Amino acid sequence: MSDQGGDGPTTEAEWSQKDYHHPSAGWGAARSVAKVLGREHAITSGPRAMLRMNHENGGFDCPGCAWPDAIDGLKLDLCENGVKHVVWEMTPKRAGREFFAAHTVAELESWTDFALEDVGRLTEPMVYDATTDHYVPISWQAAFDLIGTELQGLDSPDQASFYTSGRLSNEATFLYQLFAREYGTNNLPDCSNMCHEASGRALQAALGTGKGTADLKDWETAEAIFVLGVNAASNAPRMLTALSDAYRRGAQIVHINPLVEAAAGRTIVPHEFVDMALNRSTPTSTLNLQVRVGGDLALLRGIAKAVLEEAETDPKALDEVFLERYTDGFAAYRKLCEQTDWADLVEQSGLTEADIRRAATIYSRSRRTLISWCLGVTQHEHGVDTVREIVNLLLLRGNLGREGAGPSPVRGHSNVQGNRTCGIDHRPGTAFLDRLAAACEIDPPRHHGLDTVRTIAALRDGSVTVFVGMGGNFALAAPDTAATAEGLRACELTVQVSTKLNRSHLVHGRQALILPCLGRTELDVQAAGPQSVSVEDSMSMVHLSTGRKRPASPALLSEPAIIAGIARATLPDTRTPWTSYVEDYDRIRDIMARALDGFEDFNRRVRHPLGFRLRQPARELVFRTESGRAEFSTADLPDLRPADDDVLILQTMRSHDQWNTTIYSDNDRYRGVKNLRTLILMNADDMQARGLAQGDLVDITATARDGSTRVLREYRALRYDMPRGNAAGYMPEMNVLVAATDYSTQSDQPLMKNIHVRVTPTVREASN
Ligand SMILES: Nc1nc2c(c(=O)[nH]1)N[C@H]1C(S)=C(S)[C@@H](COP(=O)(O)OP(=O)(O)OC[C@H]3O[C@@H](n4cnc5c(=O)[nH]c(N)nc54)[C@H](O)[C@@H]3O)O[C@H]1N2
Ligand SMILES: Nc1nc2c(c(=O)[nH]1)N[C@H]1C(S)=C(S)[C@@H](COP(=O)(O)OP(=O)(O)OC[C@H]3O[C@@H](n4cnc5c(=O)[nH]c(N)nc54)[C@H](O)[C@@H]3O)O[C@H]1N2
Ligand SMILES: [Mo]
């Protein structure tokens, strides 16, 4: 494998890249699904499982993304990438004790990440044996005791950090945070620290809620939809259905992205069988604006400025009643917009004034506007400011608290939003802690804990020595691969609760455990019988998820059972009824109903066929902000120009054929790439300026804020349609370039979409 990890399958096949001219989804997706099912020998069980996915009566929630299910609950709303993700979990392959006996950890380190996961599902708990450099079997009880002894032995509970990836169910999440807090720490870093922390903070400050306010109904009635920094066709494919429906009813759809992604073209929605049969596609865009990387704030302010200019002659351009009644700070915001020069907005957005005005016209003609965004907006220094600018713009025309309008962030992992709702928060509020303390009779710590980037720093300086990963692949997903690895290796103990072998099992502490758990598709039987868990989607709908498949191994435990095992071993005097909670998850839901805001009568409401929607005060125009109103913000425009003309701003993103650190293949269908991940996409003029031809090998050198440099060698430079001065490549391998110390001062999010790099031709040592 390469030094940086993140590799797909090793292939001898030639790489290629050409423009993709087909609609998104449609037959390309259908063919790809057939291939995946074939590869995993899942032809028979696969389709049967798919029919139970996102099903209103007793199915399991698709672990693919957090897009909500159709409101009528009846559509067979499958997507290619959801299917791939489910099949990934259902593989018949196994990583059992014989596998670990046959390979040392040192040997496994040379494997690609694809090869590691491709070994199959983990089957029993394993502990690292330093004398032989092998993982060897350990009983569940001995594993729990090892963790308990280690945690009890720390001088302070804050010397441990408890990571989660956003797949954990609400019930497991609740137990996990309860355990961490009863033990005595708020060190609860999660993957959300790397994706939507900025959105949460911005929406909280502006509207008094950390979530979007729009739901699917709003997507179905909006007259204008703005989509910023999302690669929907790959990462939220079910959004394509909403976009094509919107197009057909005459809505305007504006895509704002440095790249023209597949969702900004045409699509064939797979469940529309007639369209599939006739190969009939529907456009999913009415305007594409290729903003420069990081230029969204300038564009949004430009739209606001144009709307305010229009209001000088046409007062109806603003919703003055709404502004007067529900908002705070409008006058200051108006002044700021007036004082900002068009020249600056043009320069910083990378768009022409005419383009910005075109978007403004769409916005001011629409009576119901919805703005949606994802990582292209958040993984920047000014991510919080940009999300607040989205709210500013919505407020101008009262696009909040009514149908067809509002902010609608696209969340990542299928339950990342539920994780936060149920207590994964390193900065818990007083009200949350008070209620938790009263309901659970614990005394939670009040000081803030560590998030992802601060956990990395603490691992490196030795102030955290026990790392527990409840899902995810911290070693690869976190910034600064080398620094993160150094931190994990310095640990006394690392614990990874996982379904498949991954890099985080190999980059381990002095002692290390791999604890295998049930996946979402699998039957979870406890003392009271088969159990269901619940999840919350991007639009605040909470519903049950029930696995039905026979577990990959009889030795697997559920995540709640693993957490309870660790808790009992760590907290000998605990009064929390851990065993009883695991026997019957209804009991977990009962305590959640008492401890969490909005979960009253949880067990009954969650059994409604489509679940229930968590109360959204901002949706009802109730703002839990200091002023009791929606707050305008007045951030300065960031200056995006790099110090030197030679520097490109590099953003890291996912290919079509990967799920975060899980790489399915080296192809990126919609971007026309085959058999290549070690690439950097660049503007043709930037390539020419560096004397680069298509496919030339280059070295990429990133300079961090502190001046330190990081290098990736022998990547291929490919021409791609994007603004000059920008570049793009894939996560997670490019995390090598993201300094762990370079994170947003507003959100602590690593600057994964804003890396300052120099690209130079690779100079091979002459061989003789
Ligand atoms: N199949 C699949 N689905 C997934 C995932 C997956 O890996 N695979 N991951 C899940 C997770 S955890 C998450 S968080 C989401 C991520 O979903 P996305 O946010 O779509 O993820 P990325 O692939 O990082 O794509 C970022 C997009 O933002 C654009 N962009 C980059 N910089 C800027 C900018 O400055 N401004 C604007 N306007 N656009 C910009 C990029 O060109 C790209 O289109 O997807 C979730 N769904
Ligand atoms: N450069 C760069 N880096 C990024 C990003 C980027 O855009 N650019 N995006 C960031 C974002 S948005 C995110 S969310 C993170 C992702 O970070 P993580 O969530 O940490 O990573 P994943 O790749 O989603 O985790 C995959 C692993 O989860 C385990 N797993 C799968 N299913 C289950 C399950 O049901 N239970 C348990 N316990 N484990 C399971 C498997 O063992 C698998 O190997 O990466 C971040 N890193
Ligand atoms: Mo994410």
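Per-residue answers, yes or no, for (1) polar (S, T, N, Q); (2) open to solvent by less than 10 Å² (accessible area, probe 1.4 Å); (3) not assigned by TED's automatic domain parsing to the domain that holds PRO479:
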| position | (1), (2), (3) |
| --- | --- |
| SER156 | yes, no, no |
| GLU171 | no, yes, no |
| ARG181 | no, yes, no |
| ASN186 | yes, yes, no |
| GLN204 | yes, no, yes |
| ALA236 | no, yes, yes |
| SER244 | yes, yes, yes |
| ARG249 | no, no, yes |
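Looking for something within 16 Å of ligand 2 (Cβ to nearest atom), at pLDDT 95 or above and under 21 Å from the mean Cα position of the chain (by Cα) - is there at least one such residue anywhere in the range 457-466?
No, the range 457-466 contains no residue that is within 16 Å of ligand 2 (Cβ to nearest atom), at pLDDT 95 or above and under 21 Å from the mean Cα position of the chain (by Cα).
Which condition does ILE256 not pass, out of (1) open to solvent by less than 10 Å² (accessible area, probe 1.4 Å); (2) in contact with a strand residue (DSSP E or B) (Cβ under 7 Å, 6 or more places away or on another chain); (3) within 16 Å of ligand 2 (Cβ to nearest atom), if it passes all the others?
Here ILE256 meets the rest and fails (3).
In this structure, is LEU308 under 33 Å from the mean Cα position of the chain (by Cα), in a helix (DSSP H, G or I) and modelled with pLDDT of 95 or more? Please lay out each step first, then the result.
On the way: under 33 Å from the mean Cα position of the chain (by Cα): no; in a helix (DSSP H, G or I): yes; modelled with pLDDT of 95 or more: yes.
Criteria not met by LEU308.
Wholly within the range 639-737, which strands (runs of 3 or more DSSP E) include no fewer than the required count, namely at least 1 residues that are touching a strand residue (DSSP E or B) at 6+ places or on another chain (Cβ under 8 Å) and under 23 Å from VAL230 (Cβ atoms)?
648-653, 679-682, 709-719, 726-730
Going by the structure shown, is ILE562 within 18 Å of VAL606 (Cα to Cα) and buried (at least 23 other Cβ atoms within 10 Å of the Cβ)?
no
Within the range 86-112, restricting attention to residues that are within 16 Å of ligand 1 (Cβ to nearest atom) and open to solvent by less than 10 Å² (accessible area, probe 1.4 Å), which residue is farthest from ALA34 (Cα to Cα)?
Checking each candidate, the answer is GLU89.
Hey, ASN235 hits all of (1) in contact with a helix residue (DSSP H, G or I) (Cβ under 9 Å, 6 or more places away or on another chain); (2) closer than 12 Å to PRO407 by Cα but one; which does it fall short on?
(2)
Between a first residue in the range 651-666 that is more than 12 Å from GLU117 (Cβ to Cβ) and open to solvent by 10 Å² or more (accessible area, probe 1.4 Å) and a second residue that is in a loop (DSSP other than H, G, I, E, B) and of a type in the set (A, V, I, L, M), which pairs have beta carbons less than 7 Å apart while being 6 or more apart in sequence or on different chains?
GLN651/VAL293; MET653/MET731; ARG654/MET731; ASP666/LEU676
When you look at GLY418, is it of a type in the set (Gly, Ala, Ser), within 16 Å of ligand 2 (Cβ to nearest atom) and not in a loop (DSSP other than H, G, I, E, B), yes or no?
So GLY418 passes the test.
Name the single residue that is nearest to PRO68 (Cα to Cα) among those in the range 403-431 being more than 13 Å from the chain's Cα centre (by Cα) and of a type in the set (Val, Ile, Thr).
Looking at residues that are more than 13 Å from the chain's Cα centre (by Cα) and of a type in the set (Val, Ile, Thr), I get THR421.
Of everything in the range 146-177, what is among the charged types (D, E, K, R) and within 33 Å of the chain's Cα centre (by Cα)? Give them in sequence order.
Once the filter is applied, which keeps residues that are among the charged types (D, E, K, R) and within 33 Å of the chain's Cα centre (by Cα), the range 146-177 yields GLU150, ASP158, ARG167, GLU171.
Limited to the range 579-635, what total is found for residues that are more than 23 Å from GLY529 (Cβ to Cβ), free of Cβ contacts under 8 Å to residues at least 40 places away in the same chain and touching a Lys or Arg at 6+ places or on another chain (Cβ under 9 Å)?
Of the residues in that region, 1 qualify.
For (1) closer than 30 Å to LEU216 by Cβ; (2) buried (at least 23 other Cβ atoms within 10 Å of the Cβ); (3) in the same structural domain as GLY423 (by TED's automatic domain parsing); (4) within 14 Å of ligand 2 (Cβ to nearest atom), each residue gets a yes or a no:
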residue	(1), (2), (3), (4)
GLY509	no, no, yes, no
PRO516	no, yes, yes, yes
ARG520	yes, yes, yes, yes
VAL533	yes, yes, yes, yes
SER538	yes, yes, yes, yes
MET541	yes, no, yes, no
ALA552	no, yes, yes, yes
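Okay, residues lined up against (1) touching a residue at least 40 places away in the same chain (Cβ under 8 Å); (2) open to solvent by 10 Å² or more (accessible area, probe 1.4 Å):
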site	(1), (2)
ALA693	no, yes
THR701	yes, yes
GLY707	no, yes
ALA717	yes, no
THR745	yes, yes
ASP748	yes, yes
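Considering only the range 347-368, I want to know if a residue exists there that is closer than 18 Å to ALA635 by Cα and open to solvent by less than 10 Å² (accessible area, probe 1.4 Å).
Taking every residue of the range 347-368 in turn, at least one turns out to be closer than 18 Å to ALA635 by Cα and open to solvent by less than 10 Å² (accessible area, probe 1.4 Å).
Checking ARG301 against (1) surrounded by fewer than 21 Cβ atoms within 10 Å (Cβ to Cβ); (2) of a type in the set (Lys, Arg); (3) touching a residue at least 12 places away in the same chain (Cβ under 8 Å), which single condition isn't satisfied?
The failed condition is (1).
Residues of the range 427-455 being more than 20 Å from THR576 (Cβ to Cβ), outside any helix (DSSP H, G or I) and open to solvent by 10 Å² or more (accessible area, probe 1.4 Å), which ones?
Hits for the range 427-455 are ARG427, GLY429, HIS447, HIS448, LEU450.
Restricting attention to the range 590-623, and to residues there that are part of a loop (DSSP other than H, G, I, E, B) and more than 26 Å from the chain's Cα centre (by Cα), which single residue is modelled with the lowest pLDDT?
Checking each candidate, the answer is PRO609.
The values are calculated or read from the model by the stated rules, or taken from the named source; none is laboratory data. Please read all numbers here as calculations on a predicted model, not as lab measurements. All Cβ positions, even for glycine, are placed from backbone atoms using ideal geometry, and neighbour counts span all protein chains on display. Only protein heavy atoms, including side chains, enter the accessible area calculation; ligands, DNA and RNA are left aside. Shrake-Rupley method; radii C 1.70, N 1.55, O 1.52, S 1.80 Å.
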